[in-house]
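Each remark here refers to the structure printed beneath this line.
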Amino acid sequence: MKKIFTVLTLMLVMASFSSNAQQKDEAWLEYDNGVFMTDIGLLTGDPIYWGNMFTPSQLADFDGYQLIKVKIWDHTPYNGYLIIYQDNSETGPAEMVYMQQYSVEGTNDWTEIELNTPVVLDVTKNLWITFNNSDGEFTIPAADDCGDANSRWISEDGREWADASTVGMPPFTWLIRGLISNEGLSVIELGAGNAMVHPNPATNVLNVSANNMLNVRIFDMTGREVSRHEAMANEVAIDIAGYQSGLYLVRIETEAGVIVKKVTIQ
């Protein structure tokens, strides 16, 4: 990983991890102290990835909960993707389970992003709440260091990750929080009853169908968009003969909402 990260607008504050229950059925997962300290980005302004990881020991009391919302400090305008992973990796997120586009406007306050589809927690695995930017500069909002390396993961390409304090900058804590809940929720994908992705596993052609489909995007497990296909009908046949073997997410946008399916390509 190149050591070309840079920092803006410093001030001294303190941070700590907490999982503060708002009421009996909800809790915020957080590391930061809520005080914006600086923006971080690449000198070139290129897209980067950042995120916080919560361990099974931190999630142990939340079996049966779902991640329903995240929030991030909004200090500079840009567009990007929220990407959620659950896995047992200790070197960076590896198994993507959810992604969603988002944008921020530079309000200098928290921006909440409600997940289109709640993510059920697997408390035996790490939960990674990560972001990337597709435009803008100095996009990572940071607070003072809370002392936990899992509060400051960073990557230039979404594949190789590191503790931000090891890539040429002082330690910080990202201003990222996740709201989990165990009441009144069910995991319902919008329009999932009529959406199909087949065959699975797939080898040469992947067939995607859904009512009132608008487009289909395929992402690898790092969150990188591999291909995009406009839908002229309720079914799309996608040539995947040149794809590398592995797991992919198929994001289907319909008039009713967004459906995300996981597929194995061989």
| What do you get for Rg/Rh over the range 63-201 if you use C-alpha atoms and the Kirkwood form of Rh? | 0.98
| field | Percent of alpha-carbon pairs separated by more than 14 Å within the range 224-265 | value | 55 percent
| task | Using packing as a proxy for protection, rank 99-105, 51-57 so that the peptide with the highest average count of other Cβ atoms within 10 Å comes first. | result | 51-57, 99-105
| Points 7 angstrom from Cα along the Cβ direction at D135 and N234: gap in nanometres? | 3.5 nm
| Which value, in Å³ per residue, describes the convex hull spanned by the Cα atoms of the range 47-145? | 109 Å³
| Ranked highest first by average number of other Cβ atoms within 10 Å, how do 72-82, 86-96 line up? | 72-82, 86-96
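Values in this text are rule-based calculations from the coordinates and carry no lab data. Note that this is a predicted model, so its numbers are computed, not measured. Because the Cβ atoms are built from the backbone with ideal geometry, glycine has one as well, and the counts that use them run over all protein chains shown.
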